[in-house]
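In what follows, a single structure is set out as structure tokens and then discussed.
No value in this document is a laboratory result; all are computed from the given coordinates. On a predicted model such as this, the values are computed, not experimentally measured, just so you know. A quick note on method: Cβ atoms are made from the backbone with ideal geometry, for glycine too, and the neighbour counts reach across all protein chains shown.
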Amino acid sequence: MAFAELNGLRMRYEFSGLESGPVLVFSHPLGTDLTMWDGQAADFGKKFRVLRYDKRGHGGSSSPAGPYTIEQMGRDAVGLLDFLKLDKVNYCGLSIGGQTGMWLGLNAPERLNRLILSNTAAKIGNDDGWNARIDAVTEGGVKSVSKVVIDRWFTPEFQAKVTSEIEKIRNVFERSDAAGYVASCQAVKAFDFREKVGGVRVPTLVIAGTHDPATTPIDTKFVADRIAGSRFVELNASHLSNVEQREKYSAAVAEFLE
């Protein structure tokens, strides 16, 4: 386990795979940590130097006082690249990680070779929905919304089939720092890139989940349609498509990177 000290943030990160390979960064969604990418770390380790990290307020990283912003998370990512002396990387982000990727694609394109935006949207949800989630977690902790969140992350069929994988992810979610989770919810609530996402000029792959209620294929296609030359892939999955359709997800990313 390694840590970077970034302007008051202690960020956990982990390298795996080829020491001399091109760098592929994975950025996780709200309420998870870098272990959510275990499958992809294994899939890409033979060709890439895989870098995973815990966002502020998540996993082994610290939880500075909130609210957070997506810009702040984008600057955290750039700070980590600077700390590790990495000039350009490939970046794959899911949900809030994808929103972070949009910010990077517009504001730090010189740091990116290729960009994967997965199960994300230029605007996720509405104020009422986020306020209800924030109130529930503030009053009852993250466990109070655990079932609702898991049911949005995975289809019922997948939940019934792979119970051990679901429990592993549920445990990570339920151990989340409540203050960090709420501060991150506030970041997503405030983020609206609908008028800006068309300014991304990095080669981009956009991945959607057919059954994703959080970032629907319509929301995700909106992003793809506005980024010139982007590719769009839709998988038979809900929100955490990298877990539910690991093989097809990794194949789509690999094809794009090659």
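Numbers at a glance
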quantity: Within the range 151-171: backbone nitrogen closer than 15 Å to the A136 label point (7 Å, Cα to C-beta); calculated: 151-154
quantity: Check: the range 162-206 dipole with +1 on Lys, Arg Cβ and -1 on Asp, Glu Cβ, in debye; calculated: 180 debye
quantity: Long-range amide H partners of L235 with built H, under 5 Å; calculated: A208, G209, T210
quantity: DSSP-assigned coil residues among GluC sites (Glu not before Pro) in the range 1-53, each with at most 12 further Cβ atoms within 10 Å; calculated: E19
quantity: Computed E for K196/N171 - FRET, C-beta separation, R0 30 angstrom, nearest 0.05; calculated: 0.25
quantity: Theoretical FRET efficiency, 1/(1+(r/R0)^6), r = Cβ-Cβ of S146 and N7, R0 41 Å, to 0.05; calculated: 0.80
quantity: The chain: calculated mean residue ellipticity at 222 nm from DSSP helix runs of at least 4, using -39500 (n - 2.57); calculated: -13000 deg cm²/dmol
quantity: Close Lys-Lys pairs in the chain, where close means Cα under 17 Å and separation is 8 or more or interchain; calculated: 9
quantity: ³J(HN,Hα), Karplus 6.51/-1.76/1.60, whole Hz, each residue of the range 6-11, x for Gly, Pro; calculated: 10, 6, x, 10, 9, 9
quantity: Principal axis dimensions, largest first and in whole angstrom, of the range 2-257 by Cα; calculated: 45, 40, 38
quantity: Residues whose placed amide H lies under 5 Å from that of K55, excluding near-sequence neighbours; calculated: H28
quantity: Residues in the range 102-131 reached by a label modelled at D87 [backbone nitrogen below 13 Å; 7 Å Cα→Cβ]; calculated: 110-113
